[in-house]
Amino acid sequence: MNFPVTVTVTLRAGIADPEGATIERALPALGFDGVTHVRAGKSFHMMIEASDEGAALEKATALAQRLLSNPVIENATARVGDSGWGAP
Amino acid sequence: MTKIGVVIFPGSNCEYDALTAMTSLGADADFIWHSTDTIEGYDGIILPGGFAHGDYLRPGALARFSPVMSAIAQFAKAGGAVLGICNGFQVLTEAGLLPGALQKNRGLTFLCQPTTLIVASTRSVLTRAASKDQELSIPINHFSGAYTCDDATYEQLIENDQVVLRYKENPNGSRDDIAGVSNVEGNVVGLMPHPERAMSTLLGSADGRILLEGFLRAPVSAS
């Protein structure tokens with residue numbers, strides 16, 4: 001079976017995020033007040049062939065650790081499900 | 001004659017500068033394509049600057065899986081001298097051959113400017129011809145050059161004398177002004193500044209020669 005999977009990569013807590021900080025500073029100028037703790041990250045969408053949902057998640061977690069994130073500075077989380085990216 | 005291999009990944013762009021710097025110092029140097037899986041007959045390896053594999057995902061993230069990297073890891077483990085400049089430094093951290101990581105610059109701007117570096121350790125293959133606390137004028141040219149690591153790694157760096165070079169004035173937000181680090185043994189070194197672009201006073205500075213002459217000094221393995 002093929003499962004739609006989304007992997008989200010964000011900077012670990014305590015790692016400076018100049019991109020998130022810059023976005024946060026820009027928001028009040030656009031009228032969006034009260035937005036704090038902005039952290040920039042990346043998300044990856046893919047189809048994973050696996051016997052069941054658990055196996056798909058395991059594979060996604062492994063590839064997220066090995067390639068999609070740098071564990072020195074980033075965390076990666078994987079979840080199974082169509083998150084609206086247009087999974088086939 | 002000392003023989004140096006300069007690795008080319010798809011997207012490297014400082015390989016000719018590195019090669020020319022080496023030959024101008026009297027070394028024999030040639031290129032190594034990234035898909036090569038063995039490296040033999042070299043005294044030292046340079047990973048040059050550029051945008052290996054487009055810097056897609058993260059700088060160095062995909063280059064780490066190029067076949068040549070396994071050979072370089074073995075070469076390094078055997079004590080061979082390995083130097084990563086700019087993108088090459090990013091590749092070495094992604095490959096786990098050097099500790100820490102390089103993040104986007106603090107100001108989110110691409111920095112291309114001369115910097116003054118301070119030699120923090122003369123134990124490494126890159127700084128062994130320099131003096132401790134010596135100031136060197138070497139340019140930087142990067143977007144992701146802010147050196148970062150966790151506290152435990154930082155303590156190890158200090159304890160093992162692995163911080164090789166620091167910026168006199170921190171341009172990019174690097175932790176503790178770090179511009180370059182080595183592995184514990186000192187035979188693998190990475191730095192964001194470009195010594196190969198500081199080879200002639202006509203072009204601004206010849207201080208890169210002090211570093212690269214040290215890199216070529218026999219025996220090539222770390223003392």
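Each value in this text was obtained by applying a stated rule to the coordinates, not by laboratory testing. Given the structure is predicted, the values throughout are model-derived calculations rather than measurements. No Cβ is skipped: glycine too gets one built from the backbone with ideal geometry, and neighbour counts run over all protein chains shown.
Restricted to the stretch B:132-159, and to residues there that are in a loop (DSSP other than H, G, I, E, B), in contact with a helix residue (DSSP H, G or I) (Cβ under 9 Å, 6 or more places away or on another chain) and under 23 Å from residue B:186 (Cβ atoms), the residue that is farthest from the other protein chains (Cβ to nearest Cβ) is B:134. Inspect all residues belonging to the stretch B:198-221 and state whether any of them is in contact with a Leu (Cβ under 6 Å, 6 or more places away or on another chain) and within 25 Å of residue B:55 (Cα to Cα). No, that holds for no residue.
What about residue B:148, is it free of Cβ contacts under 8 Å to residues at least 40 places away in the same chain, more than 26 Å from residue B:33 (Cβ to Cβ) and not basic (Lys, Arg)?
no
For residues that are in a strand (DSSP E or B) and away from chain B (no Cβ under 14 Å), scanning just the stretch A:46-88, find the one that is farthest from residue B:154 (Cα to Cα). If you could, list the steps in order and put the result at the bottom.
Step one: list which residues in the stretch A:46-88 are in a strand (DSSP E or B), which gives A:46-49, A:74-80.
Still in the running and away from chain B (no Cβ under 14 Å): A:47-49, A:77-80.
Working: A:47: 39, A:48: 38, A:49: 41, A:77: 26, A:78: 30, A:79: 33, A:80: 36 Å.
Filtering the stretch A:46-88 for residues that are in a strand (DSSP E or B) and away from chain B (no Cβ under 14 Å), the one farthest from residue B:154 (Cα to Cα) comes out as A:49.
Could you tell me which of the residues B:51, B:65, B:110 is surrounded by fewer than 22 Cβ atoms within 10 Å (Cβ to Cβ), within 17 Å of the chain's Cα centre (by Cα) and either more than 14 Å from every other protein chain (Cβ to nearest Cβ) or free of Cβ contacts under 8 Å to residues at least 60 places away in the same chain (or both)?
Values: B:65 fails: within 17 Å of the chain's Cα centre (by Cα); B:110 fails: within 17 Å of the chain's Cα centre (by Cα).
Answer to the selection: B:51.
For the stretch B:37-66, a residue qualifies if it is in contact with an Asp or Glu (Cβ under 8 Å, 6 or more places away or on another chain) and more than 21 Å from residue B:187 (Cα to Cα), and the qualifying residues are B:50, B:58, B:59, B:61. How many residues does the stretch B:22-48 contain that are in contact (Cβ under 8 Å) with a residue 40 or more places away in the chain and of a type in the set (Asp, Glu)? The qualifying residues number 1. Within the stretch B:12-41, the residues that satisfy the criterion of being closer than 16 Å to residue B:92 by Cβ and part of a loop (DSSP other than H, G, I, E, B) are B:14, B:34, B:39. The condition of being within 12 Å of the chain's Cα centre (by Cα) and hydroxyl-bearing (Ser, Thr, Tyr) holds for only one of A:36, A:77, that being A:77. Anything in the stretch A:1-27 that is in a strand (DSSP E or B), out of contact with any helix residue (DSSP H, G or I) (no Cβ under 8 Å at 6 or more places or on another chain) and farther than 25 Å from residue B:149 by Cβ? List them, or say none. Residues satisfying the conditions are A:2, A:4, A:6. If you go through the stretch B:172-183 and keep only what is crowded, with 23+ Cβ neighbours inside 10 Å and away from chain A (no Cβ under 12 Å), you end up with B:178, B:179, B:180, B:181, B:182. Within the stretch B:78-99, the residues that satisfy the criterion of being more than 14 Å from chain A (Cβ to nearest Cβ), at negative phi and under 16 Å from the mean Cα position of the chain (by Cα) are B:80, B:81, B:82, B:83, B:84, B:85, B:87, B:88.
Taking (1) part of a strand (DSSP E or B); (2) within 12 Å of another protein chain (Cβ to nearest Cβ); (3) surrounded by fewer than 23 Cβ atoms within 10 Å (Cβ to Cβ) in turn, residue B:102 satisfies each apart from (3). Could you list all residues from the stretch A:1-45 that are more than 14 Å from every other protein chain (Cβ to nearest Cβ) and of a type in the set (Phe, Trp, Tyr)? Listed by number, the residues that qualify are A:3, A:32. Evaluating residue B:75 against the criteria (1) aromatic (Phe, Trp, Tyr); (2) in a helix (DSSP H, G or I); (3) within 14 Å of another protein chain (Cβ to nearest Cβ) leaves one unmet condition, (3).
Spot the failing condition for residue A:56; the list is (1) crowded, with 16+ Cβ neighbours inside 10 Å; (2) closer than 29 Å to residue B:148 by Cβ, and only one is missed. Residue A:56 satisfies all of (1) crowded, with 16+ Cβ neighbours inside 10 Å; (2) closer than 29 Å to residue B:148 by Cβ except (2).
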